[in-house]
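The values are calculated or read from the model by the stated rules, or taken from the named source; none is laboratory data. This one's a predicted model, so the numbers in the text were calculated from it and none came from an experiment. As a convention, Cβ positions derive from the backbone with ideal geometry for all residues, glycine included, and neighbour counts pool all protein chains shown. Side chains are part of the model used for accessible areas, which takes the heavy atoms of the whole protein and leaves out ligands, DNA and RNA. Shrake-Rupley method; radii C 1.70, N 1.55, O 1.52, S 1.80 Å.
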Amino acid sequence: MDLTVAAVGTRMPAWVEQAWAEYSRRFPRGLNLVLREIPLARRARNADVAALRAAEGEALLGAVPSGHRIIALDEGGRQWSTIELAGQLENWMREEHGVCFLIGGPDGLSDDCRRRARDTWSLGRLTLPHPLVRVILAEQLYRVWRIINNHPYHRA
């Protein structure tokens, strides 16, 4: 099963790429953490933010692998505890071909992305920089996989 992250933004800082590489290599064979980067729509001085968000949203949805359940990361989504996320991952592993998490750009996700998502997940009420969201998402997915497998990585 693939856990795909489609995220707006390329050319991440080295620490983001290193963290992503570290967590993605920790997953076992058969459970893959995959990143699909979407270029940021070009911003001009008086750009139409709605049009930029729509263009990025279209590109994000185009990056979703066929048959994958879509999870939108959005501040208006439901907040899951780590244990609740572990339950979600167990269900997804039983029922889904794959899961694709959408991370929008600086202006958020398009309405179309939110409509197409089966679930909307909020990492909390804090505003987080998009590069850090990738790292948090990778770590939490790794953490919940370890919880499911009764590994002592998670201590709560």
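Filter the stretch 108-118 down to the residues that are small (Gly, Ala, Ser) and modelled with pLDDT of 95 or more, then identify the one that is farthest from residue 151 (Cα to Cα).
110
List pairs: first residue in the stretch 119-135 and of a type in the set (Asp, Glu), second residue assigned to a loop (DSSP other than H, G, I, E, B) and open to solvent by less than 60 Å² (accessible area, probe 1.4 Å) anywhere in the structure, Cβ distance under 7 angstrom, at least six positions apart or on different chains.
none
Tally up the residues in the stretch 98-156 that are among the small types (Gly, Ala, Ser) and in a helix (DSSP H, G or I), please. Talk me through it step by step, then tell me what you get.
Within the stretch 98-156, the subset among the small types (Gly, Ala, Ser) is 98, 104-105, 108, 110, 117, 122, 124, 138, 156.
Now narrow it down to the ones that are in a helix (DSSP H, G or I): 138.
The total comes to 1.
If you take the residues of the stretch 27-49 that are open to solvent by 80 Å² or more (accessible area, probe 1.4 Å) and touching a residue at least 12 places away in the same chain (Cβ under 8 Å), which of them is nearest to residue 97 (Cα to Cα)?
36
Let's see how each residue does on (1) under 27 Å from residue 146 (Cα atoms); (2) among the small types (Gly, Ala, Ser); (3) at pLDDT below 95:
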site: 3; (1), (2), (3): yes, no, no
site: 7; (1), (2), (3): yes, yes, no
site: 33; (1), (2), (3): yes, no, no
site: 36; (1), (2), (3): yes, no, no
site: 51; (1), (2), (3): no, yes, yes
site: 85; (1), (2), (3): yes, no, no
site: 106; (1), (2), (3): no, no, yes
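So which of 63, 72 ends up being hydrophobic (A, V, I, L, M, F, W, C), touching a helix residue (DSSP H, G or I) at 6+ places or on another chain (Cβ under 6 Å) and open to solvent by less than 20 Å² (accessible area, probe 1.4 Å)?
It is 72.
State which residue pairs qualify: first residue free of Cβ contacts under 8 Å to residues at least 40 places away in the same chain and inside the stretch 5-20, second residue open to solvent by 10 Å² or more (accessible area, probe 1.4 Å) and not small (Gly, Ala, Ser) in any location, beta carbons under 7 Å apart, and separation of 6 or more residues or different chains.
10/37; 10/39
Name the single residue, out of those in the stretch 119-151 being under 15 Å from residue 27 (Cα atoms) and of a type outside the set (A, V, I, L, M, F, W, C), that is modelled with the lowest pLDDT.
151
Could you list, in sequence order, the residues of the stretch 114-155 that are open to solvent by 60 Å² or more (accessible area, probe 1.4 Å) and either under 19 Å from residue 92 (Cα atoms) or touching a Ser or Thr at 6+ places or on another chain (Cβ under 7 Å) (or both)?
If the condition is that a residue be open to solvent by 60 Å² or more (accessible area, probe 1.4 Å) and either under 19 Å from residue 92 (Cα atoms) or touching a Ser or Thr at 6+ places or on another chain (Cβ under 7 Å) (or both), then 114, 116, 118, 123, 149, 150 are the ones that fit.
Quick one: count up the residues across the stretch 90-113 that are of a type outside the set (S, T, N, Q), more than 13 Å from the chain's Cα centre (by Cα) and either more than 22 Å from residue 43 (Cα to Cα) or surrounded by fewer than 12 Cβ atoms within 10 Å (Cβ to Cβ) (or both).
Count: 7.
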